[in-house]
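Notes follow once the structure below has been shown.
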């Protein structure tokens, strides 16, 4: 679908060096990287807004490296939506069609269909400044999709939204990917977003791709310390998921049962962020669904934080502040209780 | 009721100085003029003619400033290039040099033997003591208002908005006309009003390059020189009223217009 060969561009404080990437048709591809890594510039190079210093870009085997953006058929969605403030929602969405000299009635039908799809039909006459973030981003998505782009580029599309809207949009964007069979390249610094959406992930650092793979590969086999640190994953446990009743999923790891609020069945990996796990010396009553007891296996002093590994049947990594570590008088072999909520358990 | 602290009271006291300093002479000018004299001046074809020359020439100068200034403003807002600072300074030079100096500089190149006046005189256009001379004096001293204001307008349009329009199939020229220009129109209009007002008030360079046809400021100066302070006062009042009226009307027209900021 899209092939990038040895792409480089050096511009102001941003730099991309020797980028090679291939994204398959219909794939949801996430480029993950910290800010300043050149993610936006890479997307804008693919869209044709800039031209590279060296290298080539192919879309459907046709070279487009020097083609202007209006001839590429590539949709673009930015973090801050970039709706045209002087046009209402309808006019924003129909923008791409009205340039194509389509019949008025036809435009109206297509735009209505698109607004229905995103549940924003009631907003047709509203101006962008009166919309919420989620409504703006839905409008921006509809505007990009109305031309049925072969490729949809999204630059941090969820970063400006609150958590609930973000989760709703994650579902919608996955749906778009399937329904329109659009190839999507989505850029973000948020690993959870990548996990939820990506078929494959590329890690971008200092303008270089340091790893490409599906989420499990990147999770389980981070190629270097940067990737491992950046994805920030400590507790990954494989298991078999089944319905646990009461909206919960129970995952059997072979050694322990872990409850998650996410719905999934079959072979899964679970992750729990170390900061979501609490420890205590005595058993306490808690609303947390996951309660385990086990001995401390390892203590690593990381300065401000102490990293503990606790063997509860599976190794669990937990961070403690130095003060709580001293208060608890922990040492190797000592038994502790570990608690975490079902909502803190992520399945992928 | 909001309690005023000492700082606010002190600053208001200091700040009112400039407001009064500007307001008092203008208000005094308006009230001290003789109504009969104003009416007789309004019936005087020389006075009306001079005001017309001012208004009309300033309008042409403003249109020229928009036609040539808006593209320049867009380039300055969107691109970085060598000598950009130099070009920006050139645009601002007419603001900082004395207007009589501008007049001398224009006179040297726009006489019929000058490097710019020569080719134009072959086309039958002369500048010295002619309407085109008035217009170029006005354009010289006031075009920077359009350039600077339009530039600010363009800088406030997020370039990413233009990029999105491009990806949706809009060419770069069309994107300028349907996205960038409408969103900066308010700044361009405000700049144009400033340009027009500054053009009407131009005197120093016009006196040197094109004393005739008489513009309103030149006529006021002529009346004053001929020991007719009351004549000069009446024409001043007419001119001020006209400018304020246009200023207020355009301000009202663009009120709330083209303000799209979300917050």
At q = 0.10, 0.25 Å⁻¹, what is the log10 ratio I(q)/I(0) for region A:1-100, with the Debye formula run over Cα points and no solvent? -0.32, -1.41
From zero outward in steps of 20 Å, how is the percent of C-alpha pairs of the protein assembly as shown spread across the bins? 15, 33, 28, 16, 7, 0
Residue list for region A:233-263, given a label point 7 angstrom along the Cα-to-Cβ vector of residue A:302 and an amide N cut-off under 11 Å: A:233-235
Taking each residue of A:91-98 in turn, how many C-beta atoms of other protein chains fall within 10 Å of its C-beta, and what is the average? 3
Once you sort the root eigenvalues of the Cα gyration tensor of chain B as a ≥ b ≥ c, which label holds: rounded (a/c under 1.5), prolate (a/b larger than b/c) or oblate (the other case)? oblate
Quick check on region A:2-231: of the DSSP beta bridges with both residues there, what percent are antiparallel, nearest 5%? 50
Let's test the formula: R0 of 41 Å, r as the Cβ-Cβ distance of residue B:172 and residue A:221. What FRET efficiency results, to the nearest 0.05? 0.35
What FRET efficiency do you get for residue B:19 and residue A:104 if R0 is 60 Å and r is their Cβ-Cβ distance, rounded to the nearest 0.05? 0.65
Residue B:42 versus residue A:280: modelled label distance in nm, points set 7 Å from Cα along the beta carbon direction: 8.9
Using only alpha carbon pairs under 8 Å that are at least six residues apart, calculate the relative contact order of region A:1-58 and give it in whole percent. 46
Between residue A:121 and residue A:8, how many nm apart are label points set 7 Å from Cα along the C-beta direction? 5.4
Coordinate range along principal axes, alpha carbons of region A:236-347, Å, largest first: 40, 26, 22
Degrees separating the helix A:133-145 axis from the principal Cα axis of chain A, which is the longest one: 50
For B:79, A:206, A:221, ascending order of other Cβ atoms within 10 Å (fewest first) is B:79, A:221, A:206
C-alpha center-to-center spacing [region A:204-274, region B:171-225] in angstrom: 66
Spin-label pair residue A:329/residue B:9, simplified geometry with 7 Å Cα→Cβ offset, distance in nm: 6.6
Which value at 222 nm does chain A reach when only helices count, each DSSP H run of 4 or more adding -39,500 (n - 2.57), with the total divided by all residues and rounded to the nearest 500 deg cm²/dmol? -7500 deg cm²/dmol
Considering Cα pairs under 8 angstrom that are at least six residues apart, work out the relative contact order of region B:84-154 and quote it in whole percent. 32
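Per-residue mean of other chain beta-carbon atoms within 10 angstrom of the beta-carbon, peptide A:73-82?
The per-residue average across the peptide is 4.
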Using a Förster distance of 60 angstrom, determine the FRET efficiency expected from the C-beta separation of residue B:246 and residue A:229, and round it to 0.05. 0.40
Post the alpha-carbon centroid distance, region B:50-112 to region A:289-348, in whole angstrom. 72
By what distance, in whole Å, do the Cα atoms of chain A stretch along each of the three principal axes, largest value first? 74, 46, 35
With Cα coordinates, the longest principal axis of chain A makes an angle with the long axis of helix A:89-98, in degrees rounded to 10, of 50
Once the Cα gyration tensor of region B:136-263 is diagonalised, what are the square roots of 5 times its eigenvalues, in whole Å and ordered largest first, as equivalent ellipsoid semi-axes? 41, 17, 9
Run the numbers on chain A and let me know its relative contact order in percent, using alpha-carbon pairs under 8 Å that are six or more apart. 16
May I ask what percent, to the nearest 5, of DSSP beta bridges between residues of the protein assembly as shown are antiparallel? 75
Round to the nearest 10 and give me the degree value, 0 to 90, for the angle of helix A:163-179's Cα axis relative to the longest principal axis of chain A. 60
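Laboratory data are not the source of any read-out in this text; all were calculated from the coordinates shown. The structure presented is a predicted model; accordingly, all values stated were derived computationally and were not measured. Glycine gets a Cβ as well: all are built from the backbone with ideal geometry, and neighbour counts include every protein chain shown.
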